[in-house]
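K.L.:
This structure is in structure tokens; I'll ask about it shortly.
The values are calculated or read from the model by the stated rules, or taken from the named source; none is laboratory data. As the structure is a prediction and not an experimental result, all values here were calculated from the model. With ideal geometry, Cβ positions are generated from the backbone for all residues, glycine too; neighbour counts draw on all protein chains shown. With ligands, DNA and RNA removed, areas are computed over all heavy atoms of the protein, side chains included. Shrake-Rupley method; radii C 1.70, N 1.55, O 1.52, S 1.80 Å.
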Amino acid sequence: MAELAQIRNYKLKIIFLLHFLFIALSSMGYWSSSAYLFYNSILIVLLIWSLYHDENHEPIQLAIAVNGSSILLDILLLVMGFPTNGDARNKFSAAMAILHLLIRPFSTFFLIKLLEERSGSMGSLTGLFQGGQGSRSETYEDLDRPSAPRNPGVSGGYDFSTAQQI
């Protein structure tokens, strides 16, 4: 198990392979529409993008959003198109889609944890709608240029008491 943990993006690769497997098995029947392949293909592309760009938070954020919304889309698709009198191929495919639906909340949870690990902050969605910067952008301080202390009495403008000599 120690060797597996040393593989780069190990958890994300497992999530990718699980989704890939269930998407392939769920698409073998004729009961599902092309919408199922469409939104699942977007998820696969986002997972590949997040594997390729380790430091970028946006692909994981988008994968969380797509995977979370896919729960509702899967439910709608299964309610509207479940094969009642189809052959074994369609029923097996629908059963795999149900299993895929059951693992989606868990994979969404693990994607959220991976996003928190990448961004370095724990316990929140790390700026899911703030462009992926999380709490890092607020705490950044440029050490090359010392900042002058702020005078709360002065609102805007230039204050000669805090001016630096050239």
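K.L.:
Just the residues that are farther than 12 Å from residue 29 by Cβ and either modelled with pLDDT of 90 or more or in a helix (DSSP H, G or I) (or both), please, taken from the stretch 79-92.
P.N.:
Matches in the stretch 79-92: 79, 80.
K.L.:
Still on this structure, I have one more. With the requirement that a residue be more than 20 Å from residue 114 (Cα to Cα), without any contact (Cβ under 8 Å) to a residue 40 or more places away in the chain and open to solvent by less than 50 Å² (accessible area, probe 1.4 Å), what does the stretch 65-85 give you?
P.N.:
74, 78
K.L.:
Additional query: Which of the following residues is out of contact with any Lys or Arg (no Cβ under 9 Å at 6 or more places or on another chain) and assigned to a helix (DSSP H, G or I): 71, 48, 60?
P.N.:
Going through 71, 48, 60 in turn, the sole match is 48.
K.L.:
Filter the stretch 11-24 for residues that are within 16 Å of the chain's Cα centre (by Cα) and surrounded by 12 or more Cβ atoms within 10 Å (Cβ to Cβ) and give the result. Give the steps one after another, and end with the answer.
P.N.:
So the first thing to find is which residues in the stretch 11-24 are within 16 Å of the chain's Cα centre (by Cα), and the list is 11-20.
Correct list: 11, 12, 13, 14, 15, 16, 18, 19, 20.
K.L.:
Could you tell me which of the residues 62, 18 is farther than 16 Å from residue 112 by Cα and touching a residue at least 12 places away in the same chain (Cβ under 8 Å)?
P.N.:
One residue alone meets the criteria, 18.
K.L.:
Also, quick follow-up: Any chance you could count how many residues in the stretch 94-112 are in contact (Cβ under 8 Å) with a residue 40 or more places away in the chain and either under 28 Å from residue 10 (Cα atoms) or in contact with an Asp or Glu (Cβ under 9 Å, 6 or more places away or on another chain) (or both)?
P.N.:
Step one: list which residues in the stretch 94-112 are in contact (Cβ under 8 Å) with a residue 40 or more places away in the chain, which gives 94, 96-97, 99-100, 103, 107-108, 110-112.
Then keep just the ones that are either under 28 Å from residue 10 (Cα atoms) or in contact with an Asp or Glu (Cβ under 9 Å, 6 or more places away or on another chain) (or both); that gives 96-97, 99-100, 103, 107-108, 110-112.
Total meeting the criteria: 10.
K.L.:
Sticking with this one: Suppose we filter the stretch 25-40 for residues that are modelled with pLDDT of 95 or more and surrounded by fewer than 13 Cβ atoms within 10 Å (Cβ to Cβ); how many remain?
P.N.:
So the count comes out to 1.
K.L.:
Take the residues in the stretch 93-109 that are under 20 Å from residue 24 (Cβ atoms) and open to solvent by 80 Å² or more (accessible area, probe 1.4 Å); name whichever of them is farthest from the chain's Cα centre (by Cα).
P.N.:
Checking each candidate, the answer is 102.
K.L.:
Quickly run through the stretch 50-59 and pick out the residues that are over 8 Å from the mean Cα position of the chain (by Cα), open to solvent by 40 Å² or more (accessible area, probe 1.4 Å) and touching a residue at least 12 places away in the same chain (Cβ under 8 Å).
P.N.:
Within the stretch 50-59, 55, 56 qualify.
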